[in-house]
Each structure stands twice: as structure tokens, then as C-alpha cells.
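K.L.:
I have a structure here, written as C-alpha cells, and I will follow up with some questions on it.
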Amino acid sequence: MLVADYEIFKKDSLLGVLDIETDNIYQMWDIKDIKEFIQKHLDEVWVGYNSENYDKILAHGMITSKITTPEKAYEVSKTIIESQDDNIPLFRTLNKLGVNDYYQSKILMYDLLGDGAFFSLKQLEGFLGMSIVESVVPFDIDRPLTAEEKRDVEKYNRADLYGTLERFKQRKNTFKTKMMLVKEFKLPVDYICKTNAKLTEAILLSQNKGVNARLRKHFDLCDLPVNWEVPQLKQIYKFFCDALKELEINKWETKKCDKTKLSMDLDILGVTHTFALGGVHGGIKNYICRPEDKKKIVWVDVSSLYPNILTKWDLLSRKVDRHGCEAFANMVQVRMDIKAKLHDEGLSKEEKKALKDQAARYKLILNTTSGCMKDKFKKIYDPEFNTKMCMLGQLSLMDLVYRLAYAKPRARLRPSWATEDGKGGELTGGGYYEYFKLIQSNTDGIALELLSDDAEEIIDKVCHEWEKDWKFSLEKTVADNLYEKDVNNYVFKDSGGKIKVKGAYVTKYDDNEQDTLAILAKAVVDYFLDGVDIRTTICNPENPATDYQMIKKLGGMYDTPTWKREYGDMEVQKVNRIFPSIDPKNGGLYKHKKSKEVGVLDKVEGTPEHVLIYNEDIRGKKIGEFDNIDYEWYIAEAQKRINDFLGIKPEKKTRKKKGV
């Protein structure tokens, strides 16, 4: 396997290649040498970043002799970049450039950007702590590069090759998964280079056998095993029917729909829930439960909700025939069986690894199918069934909530004045036994606070009956703590000691791929779960410097990134690594909006007043190795997050009245 990256200038073209097996690097400035090298390695898999729509086009143009000079390479490169910025379809650009046979290219290019990345390569290198210093040689320089300039470009080209390699290591399991899927379903080898979506639709459609003999042509929500006597469930159903009509009228183009008809707020057991096309969300804000409160929290989640809806209720795209549905259902079942098997303590490491690999293989297909069904450019596009899948999920979850709420009629003593003998004490029905408090509902699960000793027993019984009616499986998690800012931001440690976090405030606690201000998430989680003072967490000089970094990239509407400094403003690069600083000589990071007058600068959002910009490699460095770090800024930011969890609002600044 080869990692590749082009550097294209007006009068020079460089292709850098890193051989993953040998760690050898090849850097070629002559287009003839580049052409020969590519042709010699056509049987290899090439790895790049944003390479499918850039590097591969250049490589294909060179081996087909459509690009024979650096000037032509620069024209192609510039046109591709401009068309991407202006959202012009790639095929139009290629036709204009005379590279219209690109789609028949023999080059196997695995594009890491195609697997769900939303960041530039420089940002990803920054997250990893790598050097993100860019070459100072401009791409539009109107002369051949000097020998010194070429050495400078080669240096940064090598850095990008290694940065791409590190990203590949992070995504290596996805690559292996695709290889196994291609082999299992006997697809052409170039399908390992397809996006998850294209691979998924190809696998499902590859199972079609002639005429589509699927019986399911329509699906009505009223046929579901819902207790329609519950007013709230009837209201949800009516909302969904109205939303479906609105979507059908507008041919499933949500942008054309009346947005008020696609979302509804409704009180469910005292908690406001929002019902929409993507799922249901509702939760108590600022819910805090500590271990010392001696409470019990139970999470009930539906296992693989959407894949199971597609199979159990026959809502897989109608473009997929019976054989494809059976293959999909088999993947769902195998994955669920594997999850159950992994609890077997007698399994060896090798056996567990084999099972996990198989589960990951099918997870890619199962998690991608729904997205394909709502993408009009995909072959299995079926917006009606995809929408009804989401609606079915919401109805099933709310049916579970109300089954739990109405599980046990509440008995109460009849008062003395209401009995014939005047003694009272006779039992009578009255409402329902309140044995739990609903904390939150979120797409495929609910969280409950138990209020009685027999609550868990009642919940287990109701859930068992619900599973039989809905053909789903439920998973239960128990905890004695929960720190919830809102339905989308919470932290807790379950009874097995596993820490679970969700939301922008805390997600970087266990997410190293986007390492920016991770120290704030760690300070918040450690504070709530272990009672560690945020100052103790943040002011530890032995902490990795990457936990403190902010990686900031200028958007396309801005230019002239400027670092304000006491001894003169400094124009910096578009992607920067910054730290808050206590050095007053260091000012903030600013940007210029292209639509504004030259010299009018705006401060980059979310950044401190005083910053240190350090774009060199910081891997292995401790934060204590940096001078003048403003730890108080981190402490203040962490405290803001904690206050938001606790519902403590910031003090309002009082304005002085004029004339006083």
C-alpha cells in the first residue's frame, strides 16, 4: 500500500509517495518519472486524503498523457479547487479539462476523506499533535522553484504523507472491514475504495435475483401494536400522518415543507418531548443524581433499533428484493448474536477478536443503510419507508413509556365517610402506581429514576411483554448516578464501572481523534464522577500538551489570519494551534471577512484575548514545558460547563445609567 500526496505549482509538480510496508519515501518532480512510477504500481492500493477528487484525477491525467506539463497540472489543480469551493459538479469540471474518462481509471485510490471526515488534513494532523507548519512557497509563484524552495516543499510534503498515514492507522479497521465485505459478497476489488454508502447499496442490490417479489408495497402506522387508547399516542400518530401528507405533497423535499408540520412538542409524563423526522428527544434539564442520594437509575435501550425495524417490520428499501432483505436480516441477527457471545468469559482473545471483526463488518452496512434510503442520489433511495422507520421507532418507544406508566393500577383506601359502616379502609382503584420518574427519552432508549423497591421487577416484566409485541430486544443499564445538563449532554458511571458520556461538553473525554480542549471535558467528568477539583485536573504540569490545544481553521469566507502582538501584527497560516497565554505581549487571533474593507478584522470566535500560537510538533510534550500558559482561562471555561450542568446561570452584567 502506498500513501500519496501531490504538491502542484505553476511551473513545478511534485508527487510524494510513502510505502507503508517499507517506510520508504519517493518524491518525484518530473512528470515522466511520476507517470512511470504510477504505471509500475497500478496493482497497489493508493491511500490519500481528499484524493478521490484531486490526487486521483491528477494521477489519471498523467498516466493517460492528458497532463504532460506542470502548467497543465496547475490548470487542472486550480480548476478542481475552484469548482469544489463553488460546489460545481465534478463531471462538468472534468469534461472542461478533457479528463472525462477519469471514472474508468485503473488506479485503486482509497480516500480517507470519504469515510466520514469533516476536517482538513492539517486539522487532523493538529489533533494528533503533529507539526502543522505549512510551506511558505506560494503555489501560484510564476517561475520554477529554486533548489532551496524544492527542499522546503519536500519537507512539508513528507509531513503530510506521515499525517495521512496516521489518519489511515485510525481508520485501518474500516479499511479491513471493507476488504472482508468485498471478499464475502464477491464484489470487484475496486469496491474497497468506495464510500460506505456506495459499498452498502452495492452489497444489498447484489443480492437481487431478477423480478422483485417483495410482498410489502405499503406500510400503515395504524397497524402497529400501540395502545391507541392513550391520548398522547393518538396525538403522536395524528402528527405523523399530517407530516407524511406534507412530505408527499412536496415529493419528500423537506426544504420545501412547512417546518411547523415536521416537528411537534408534547408533554410526556411531565417531560417536554420533541417529535420530528429524525427521532424523539426529551429530558429533564439539570437533573443531578449523586451516589450519596441512594437512588437507582435504569437505562432501557433498544438493541440496533433501526436495523431491526427495517427487518422485523419489512421497511427496507423497496429497491431491495426478498433475497437482499434476507441477507440484511441475517447480518442484523449475526451481529446481535455476537454481542451476546462476547459476554462469555471463556472466550480466548483470538476468538473475541474474530467475533468483533465480524460484528464490525456488518455494523458498517447496518449503520449506513438508513442514510442511503434518504439520499436521492443513492440507488436504494426510499424516503417514505425511511421516514416511517423513524416514526415507528418513536411510536414504539412512547408505547413502552406508557406501558410502564400504566403497568400497575394504584390501590387506595376508601375514606370512612364513603363506606356504609363508616369505618373506611375498603380498597378502590385510583390512577396508577407511580414507581418511576421519567428522566429522558432519546431516539432508541429511555432513562428512569426508580421510586419503589419493586420498580425494577415491574419494569422487567413490562419490557418482556413489549419485546414480544414489537419483535425487538432491550438492553438494561443500571447506575446510582447521573449528571444531565439536557437530553444531549450527560455523564454517568454504570454499575460495572464503565463511564458513559454524551454531548459537546464532555465527548472529548474519550475521543482522541478530535483532540482540542480535551482537558475541559476531563475536568468536568472527573469533577462529577470522582469529586476532583477542576484546578487539580487542569493545573497538572504532567498532562499532555495536546489536551490543552485549540485547533482553529479559517473558513472560506475569511482571509488574512492575523496574530496581534505588541511588537507588530503577524499574518499566520489558515490552520493554527493555539493556547491561552498570560503574556500581555501576545494578543488574540483575528481574521478578515472577504466582504469587508481591507484592514477590518474580527476576533476568531471562542478564542482567548491573549494566545500563544505554536504549530510545531507537540507529541510527547507536557503542558508544563510551555511558558506563560493561562490556566485560569481553562478553569473558568470548565466552571462554565459545570454551572451549565447544575443550572447555575451567569450573573448579568449591570449597565450604568446614562448621566449617573
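Laboratory data are not the source of any read-out in this text; all were calculated from the coordinates shown. Since the model is a prediction, treat every value here as computed from it, not as a measurement. For neighbour counting, all protein chains shown are included, and Cβ atoms are generated from backbone atoms with ideal geometry for every residue, glycine included.
K.L.:
In the P(r) worked out for the range 36-104, what percent of Cα pairs fall beyond 19 Å? All intermediate terms of the calculation are to be shown ahead of the outcome.
P.N.:
On the way: 694 of 2346 pairs.
Beyond 19 Å sits 30 percent of the P(r) for the range 36-104.
K.L.:
Additional query: Starting from the Cα gyration tensor of the range 511-635, multiply each eigenvalue by 5, take the square root, and state the resulting semi-axes largest first in whole Å.
P.N.:
Values: eigenvalues 165, 46, 34 Å².
Semi-axes, largest first: 29, 15, 13 Å.
K.L.:
Taking R0 as 60 Å, what FRET efficiency do you get between residue 207 and residue 133 from their Cβ-Cβ distance, rounded to the nearest 0.05?
P.N.:
E between residue 207 and residue 133, to the nearest 0.05, is 0.75.
K.L.:
On a straight-distance basis, which aspartates and glutamates could pair with residue 11 in a cross-link, Cα separation under 18 angstrom, same-chain partners fewer than 8 positions away excluded?
P.N.:
30, 33, 55, 71, 75, 140, 142, 148, 149, 152, 154
K.L.:
Follow-up question, since we're still on this one. Using the beta-carbon distance between residue 626 and residue 183 and R0 = 41 Å, what value does 1/(1 + (r/R0)^6) give for FRET efficiency, to the nearest 0.05?
P.N.:
0.25
K.L.:
Another one. Please give me, ordered by residue number, the GluC sites (Glu not before Pro) of the range 160-241 that lie in loop per DSSP and have at most 14 other Cβ atoms within 10 Å. Display every interim value, and only then the final one.
P.N.:
Values: sites: 166, 184, 201, 229; in loops: 229.
Loop-located and lightly packed - 229.
K.L.:
Place +1 on the Cβ of every Lys and Arg and -1 on the Cβ of every Asp and Glu in the range 300-415, take the dipole about the Cα centre, and give the residue among 359, 327, 398 whose Cα lies farthest towards its positive end.
P.N.:
398
K.L.:
Taking only the alpha-carbon positions of the range 312-395 and ignoring solvent, what does the Debye formula give for the base-10 log of I(q)/I(0) at q = 0.20, 0.22, 0.24 Å⁻¹?
P.N.:
-0.92, -1.03, -1.14
K.L.:
Quick one: in the range 441-481, what % of C-alpha pairs are over 11 Å apart?
P.N.:
70
K.L.:
Moving on to the next point. Can you pull the Kirkwood radius for the range 542-604, inverse mean 1/r over Cα pairs, to one decimal in Å? List each step's numbers first, then the result.
P.N.:
Details: mean 1/r = 0.0785 Å⁻¹.
Answer for the range 542-604: a Kirkwood hydrodynamic radius of 12.7 Å.
K.L.:
Just want the answer: with Cβ charges of +1 for Lys and Arg and -1 for Asp and Glu, which residue in 91, 16, 121 is farthest toward the dipole's positive end in the range 13-167?
P.N.:
Among 91, 16, 121, the one farthest towards the positive end of the dipole of the range 13-167 is 91.
K.L.:
Here's another thing I want to ask about it. Evaluate the charge dipole of the range 274-390 about its Cα centre and quote only its size in Debye, nearest 20, assuming +1 on the Cβ of each Lys and Arg and -1 on the Cβ of each Asp and Glu. Kindly include the intermediate steps, with their values, before the conclusion.
P.N.:
Numbers: 23 positive and 15 negative charges, 61 e Å.
For the range 274-390, the charge dipole is close to 300 debye.
K.L.:
Normalise the Cα radius of gyration of the range 266-323 by 2.2 N^0.38 Å (N = residues in it) and let me know the number.
P.N.:
So the range 266-323 has a normalised radius of gyration of 1.72.
K.L.:
Turning to a different aspect of this structure: Within the range 240-295, report the GluC sites (Glu not before Pro) that DSSP leaves as loop and that have at most 12 other Cβ atoms within 10 Å. Each step should come with its number before you reach the end.
P.N.:
Details: sites: 246, 248, 253, 292; in loops: 253.
Sites meeting the loop and neighbour criteria: 253.
K.L.:
Let me ask another. Given N residues in the range 79-132, what is Rg(Cα) / (2.2 N^0.38 Å)?
P.N.:
Numbers: Rg = 14.6 Å, N = 54, 2.2 N^0.38 = 10.0 Å.
With N residues counted in the range 79-132, Rg over 2.2 N^0.38 Å equals 1.46.
K.L.:
Quick one: length gained pulling residue 79 to residue 219 fully straight, 0.36 nm per residue minus the C-alpha distance?
P.N.:
That works out to 45.7 nm of additional length.
K.L.:
Moving on to the next point. Provide, as a two-decimal number, the C-alpha radius of gyration of the range 201-346 over 2.2 N^0.38 Å, N being how many residues it has. Each step should come with its number before you reach the end.
P.N.:
Numbers: Rg = 19.9 Å, N = 146, 2.2 N^0.38 = 14.6 Å.
Output field value: 1.36.
K.L.:
Here's another thing I want to ask about it. Which Cα, out of 131, 145, 108, lies furthest along the positive dipole direction of the range 106-215 (beta carbon charges, K/R +1, D/E -1)?
P.N.:
108
K.L.:
Moving on to the next point. Under the Kirkwood approximation applied to all pairs of distinct alpha-carbon atoms, what is the hydrodynamic radius of the range 107-197 in Å?
P.N.:
By the Kirkwood definition, the hydrodynamic radius is 15.4 Å.
K.L.:
Moving on. Any number yet on Rg/Rh for the range 1-71, C-alpha, Kirkwood?
P.N.:
Here Rg/Rh amounts to 0.93.
K.L.:
A further question on this structure: For the range 531-609, run through the GluC sites (Glu not before Pro) and keep only the ones in DSSP coil with at most 10 other Cβ atoms within 10 Å of their Cβ.
P.N.:
542, 566, 597, 605
K.L.:
Simple spin-label model, 7 Å along Cα-to-Cβ: residue 539 to residue 176 in nm?
P.N.:
Going by the 7 Å Cα→Cβ label model, 4.4 nm.
K.L.:
So between residue 69 and residue 571, what do we pick up on full extension, going 0.36 nm a residue minus the alpha carbon distance?
P.N.:
Here the answer is 177.4 nm.
K.L.:
Continuing with the same structure: Suppose we look only past 14 Å in the calculated P(r) of the range 506-550. What percent of the Cα-Cα pairs does that tail hold?
P.N.:
Numbers: 432 of 990 pairs.
Roughly 44 percent, rounded to a whole number.
K.L.:
Only helices at least 15 Å long along their axis, Cα-based, and averaging 0.0 or more on Kyte-Doolittle count here, so list those DSSP H runs from the chain. Show your work: numbers first, answer last.
P.N.:
On the way: long enough: 70-85 (22 Å, -0.97); 147-170 (35 Å, -1.61); 172-184 (18 Å, -0.72); 231-249 (27 Å, -0.09); 322-341 (28 Å, -0.35); 349-373 (37 Å, -0.79); 383-405 (33 Å, 0.38); 455-470 (22 Å, -1.02); 518-530 (17 Å, 1.27); 631-646 (22 Å, -0.64).
What comes out of the filter, once short or polar helices are dropped, is 383-405, 518-530.
K.L.:
Could you size up the charge dipole of the range 248-311 around its Cα centre, putting +1 on the beta carbon of Lys and Arg and -1 on that of Asp and Glu, and report it in debye to the nearest 20? Present the calculation step by step, with values, prior to reporting the outcome.
P.N.:
Numbers: 10 positive and 8 negative charges, 28 e Å.
For the range 248-311, the charge dipole is close to 140 debye.
K.L.:
Continuing with this model, one more query. How big is Rg to Rh over the chain, alpha-carbon atoms, Rh as the Kirkwood inverse-mean-distance radius?
P.N.:
Details: Rg = 29.5 Å, Rh = 29.1 Å.
Rounded to two decimals, Rg/Rh equals 1.01.
K.L.:
Sticking with this one: With +1 on the Cβ of every Lys and Arg and -1 on the Cβ of every Asp and Glu, and nothing else charged, how large is the dipole of the chain about its Cα centre, in debye rounded to the nearest 20? All intermediate terms of the calculation are to be shown ahead of the outcome.
P.N.:
On the way: 106 positive and 106 negative charges, 332 e Å.
For this selection, approximately 1600 debye.
K.L.:
With each pseudo-label sitting 7 Å past Cα toward Cβ, what's the residue 92-residue 195 distance in nm, one decimal?
P.N.:
Label-label distance for residue 92 and residue 195, simple model: 1.8 nm.
K.L.:
log10 I(q)/I(0), Debye, Cα-only the range 1-123, no solvent, q = 0.14, 0.16, 0.19 Å⁻¹?
P.N.:
Values, matching the q order: -0.57, -0.75, -1.09.
K.L.:
Now for a separate question. Give me the extension gain from residue 312 to residue 22: residue separation times 0.36 nm, minus the current Cα-Cα distance, reported in nm with one decimal. Working shown, then result.
P.N.:
Details: separation 290, 0.36 × 290 = 104.40 nm, distance 4.88 nm.
That works out to 99.5 nm of additional length.
K.L.:
Right, next: Let me see the P(r) profile for the range 446-561: every Cα-Cα distance counted, bins of 5 Å, each bin given as a percent of all pairs.
P.N.:
2, 9, 15, 15, 15, 13, 9, 8, 6, 5, 2, 1, 0, 0
K.L.:
Taking the range 570-654 as the region of interest, what is the percent of Cα-Cα pairs per 10 angstrom bin, listed from the shortest bin to the one with the maximum distance?
P.N.:
Bins of 10 Å from zero give 14, 35, 32, 18, 1 percent of pairs.
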